[in-house]
Amino acid sequence: MSSNPYQPPGAEVADAPDSSPPRPRSVHLACQLVLASFALGLVTLVPGVDVTRPDDPAVHWAVTLVVVLVFGAITVWLTYATHQRRNWARWALLGYLIFGWFLSAGELPSDLERAPLVGLLGVGAAVIELVAVWFLFTGAGAKWFSGRQAAASAEA
């Protein structure tokens, strides 16, 4: 102990080192693919890409904008949380994508018949999402998320 009573203590003050492993390239790529798939879906909203039938009900542009903003926000939020190694978000993103696949599967035959480009864009988006899910739930992606669970249970 120092004889100077006004000298501050000599304790080491620093943040604990980050023990989390680096994000695998496959997880980063999967998140980019999900966002690319969403952007590909936006292409179908460009005037002239989708062909409307005369018996289709008219939808106001504001309704379309609100739907795109809501689902876009959900997509970005779940993708960001997945990118930040939140395992719940990875599973929620999987459920969200599966829900979208079921919704679009019923429209696919009519889309391919009415507007082949729209149908092909939908198929392409689904394939991109399947690849993203593959990256998140297999290989390095699966290990990265399961490593977080093992670390959390060790701390408890």
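Any idea how many residues of segment 70-112 are of a type in the set (D, E, K, R), surrounded by 16 or more Cβ atoms within 10 Å (Cβ to Cβ) and more than 12 Å from the chain's Cα centre (by Cα)? Spell out the reasoning first.
Filtering segment 70-112 down to residues of a type in the set (D, E, K, R) leaves 85-86, 90, 107, 111.
From what is left, the residues that are surrounded by 16 or more Cβ atoms within 10 Å (Cβ to Cβ) are 85-86, 90, 111.
Now drop any that are not more than 12 Å from the chain's Cα centre (by Cα), which leaves 111.
Total satisfying the criteria: 1.
Quickly run through segment 1-30 and pick out the residues that are within 29 Å of LEU78 (Cβ to Cβ) and modelled with pLDDT of 70 or more.
Selection gives SER20, PRO21, PRO22, ARG23, PRO24, ARG25, SER26, VAL27, HIS28, LEU29, ALA30.
Among the numbered criteria (1) loosely packed, with under 10 Cβ neighbours inside 10 Å; (2) of a type outside the set (Lys, Arg); (3) part of a helix (DSSP H, G or I), which single criterion is violated by ALA58?
Evaluating ALA58 over (1) loosely packed, with under 10 Cβ neighbours inside 10 Å; (2) of a type outside the set (Lys, Arg); (3) part of a helix (DSSP H, G or I) leaves (3) as the failure.
The values are calculated or read from the model by the stated rules, or taken from the named source; none is laboratory data. Fair warning: this is a prediction, and the values are worked out from it, not measured in the lab. Counting neighbours? That spans all protein chains shown, and the Cβs are built from the backbone with ideal geometry, glycine included.
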